[in-house]
Amino acid sequence: MNYTEVKISITPFSQQTADIITALLAEIGFDSFAEGDNALNAYIPSQNFDRQKLEHTINATTFSSTLSYSLSAIEDQNWNTKWEQNFSPIAIDRLCYVRAPFHEPKKHEYKVEIVIEPKMAFGTGHHETTWLMLKQLFSINLSNKNVLDMGCGTGILAICAEKLGAKSITAIDNDTWAYQNTKENVKANACSRISTTLGDATLLGAETFDIVLANINLNILLADMKQYVKCVANNGILIMSGILKQDVKTLIAEAQNNGLLISETNYKNNWALVIAKKANKP
């Protein structure tokens, strides 16, 4: 799969502007991001790239900084080489260590070690929202729980859930690349209780889950909220991220409109995580 790289120069550079652009581009199909040299590099499968959508997204919001962009094509092989060269391990306190296969293991220094093959799928732990989701998993009881990971990306959250004792995990993503990468990473981590499916929220039926994880983006979270609520078991929880601080009120309002109770919000830089609970019906 070939990718299109969009380099957005931000003058003067603002982290808040970079975060807002990241969230907006994720909503139109960009799935990987990297920062450097006062710019944001965003990546999208070339077949999904729409220059008109890009320009509309950039121009529809007023920023304090001046934006300009350039385009370049990245072939599959070249991209993986570049990605591997820039992939560094991630440590979340002393709880979780995420590394690539070519990094030295540190199994005895962290509660959980996760091996992620660094490809294009979103979710290597580097982004704040993945970091927030991973850390949150260590704060809840996953033992013998049924878990749903919507928009699983690399499968990192599903893998962590199994390592923390989840009984079964269903991992769903609508991107073929992410679906394949999740399957590879499930095998690399010797997981046996993760079922990986290609698709979206329309696949959700009558099955319910104790814990639903959704690290996607605001538009999809809002659009699919009703399906998520239906598949959360009574007294179950829905953990959502992929949103900016400024969008928390909007997400909470939609969750409450669907009968959920908000139990917690957490933040890292400009990004947010929201935990909602489905109250037991009388």
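Suppose we keep just the DSSP beta bridges with both residues in the chain; what percent of those would be antiparallel, to 5?
60
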Normalising by the residue count of the chain, find the relative contact order in percent from Cα pairs under 8 Å and 6+ residues apart. 14
With each run of n ≥ 4 DSSP H residues scored as -39500 (n - 2.57), what mean residue ellipticity at 222 nm is computed for the chain after dividing by its residue count and rounding to the nearest 500 deg cm²/dmol? -9000 deg cm²/dmol
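Taking each full run of DSSP H in the chain as one helix, which ones are at least 15 Å long along their axis (Cα atoms) and have mean Kyte-Doolittle hydropathy of at least 0.5?
Details: long enough: 15-26 (16 Å, 0.84); 176-188 (18 Å, -1.35); 218-231 (19 Å, 0.48).
Sorted by number, the helices that extend far enough and score high enough are 15-26.
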Farthest toward positive dipole pole in segment 87-188 [+1 Lys/Arg, -1 Asp/Glu at C-beta], among L132, G151, Y97: Y97
What distance in nm separates the two pseudo spin-label positions at F63 and A100, each 7 Å out from Cα along the beta-carbon direction? 2.7
Quick one: dipole size for the chain, taken about the Cα centre, charges +1 on Lys/Arg Cβ and -1 on Asp/Glu Cβ, in debye to the nearest 20. 960
State the antiparallel share, in %, of DSSP beta bridges confined to segment 163-282, rounding to the nearest 5. 60
Quick one: dipole size for segment 7-60, taken about the Cα centre, charges +1 on Lys/Arg Cβ and -1 on Asp/Glu Cβ, in debye to the nearest 20. 140
Positive end of the charge dipole of segment 198-282 (Lys, Arg +1 and Asp, Glu -1 on Cβ, about the Cα centre): tell me which of Y228, L203, A255 has its Cα farthest that way. A255
Given the Cα-Cα distance of D93 and F138 and 0.36 nm per residue of separation, how much length would full extension add, in nm? 15.1 nm
Relative contact order (percent, whole number), segment 171-270, Cα cutoff 8 Å, 6+ residue spacing: 23
Between S72 and S14, what FRET efficiency comes out of the Förster formula 1/(1 + (r/R0)^6) with R0 = 22 Å and r the beta carbon distance, rounded to 0.05? 0.40
Over segment 120-212, relative contact order from alpha-carbon pairs under 8 Å, at least 6 apart, %: 30
In terms of the Cα gyration tensor, with a ≥ b ≥ c the square roots of its eigenvalues, is the chain rounded because a/c is under 1.5, prolate because a/b exceeds b/c, or oblate? oblate
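If the limit is 29 Å between Cα atoms, which of K111/K187; K107/K187; K106/K226; K111/K226; K145/K230 go over it? Don't skip to the end; give the middle numbers.
Working: K111/K187 20 Å; K107/K187 17 Å; K106/K226 41 Å; K111/K226 35 Å; K145/K230 17 Å.
As for pairs spanning more than 29 Å Cα to Cα, those are K106/K226; K111/K226.
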Rounded to whole Å, sorted largest first: equivalent-ellipsoid semi-axes of segment 150-282, Cα gyration tensor: 24, 17, 14
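If the chain between D50 and E27 were fully stretched, how many nm would it gain, using 0.36 nm times the residue separation less the Cα-Cα distance?
Values: separation 23, 0.36 × 23 = 8.28 nm, distance 1.26 nm.
Result: 7.0 nm gained on full extension.
As an exercise, use a Förster radius of 22 Å and the Cβ-Cβ distance of E264 and E207 to find the FRET efficiency, rounded to the nearest 0.05.
Values: r = 25 Å, r/R0 = 1.15.
Working from the Cβ atoms, E equals 0.30.
FYI, it's all coordinate maths here, none of it is from the lab. Here the structure is a predicted model, which is why all the values come from computation and not from measurement. Positions of Cβ are backbone-derived with ideal geometry, glycine not excepted, and every protein chain shown enters the neighbour counts.
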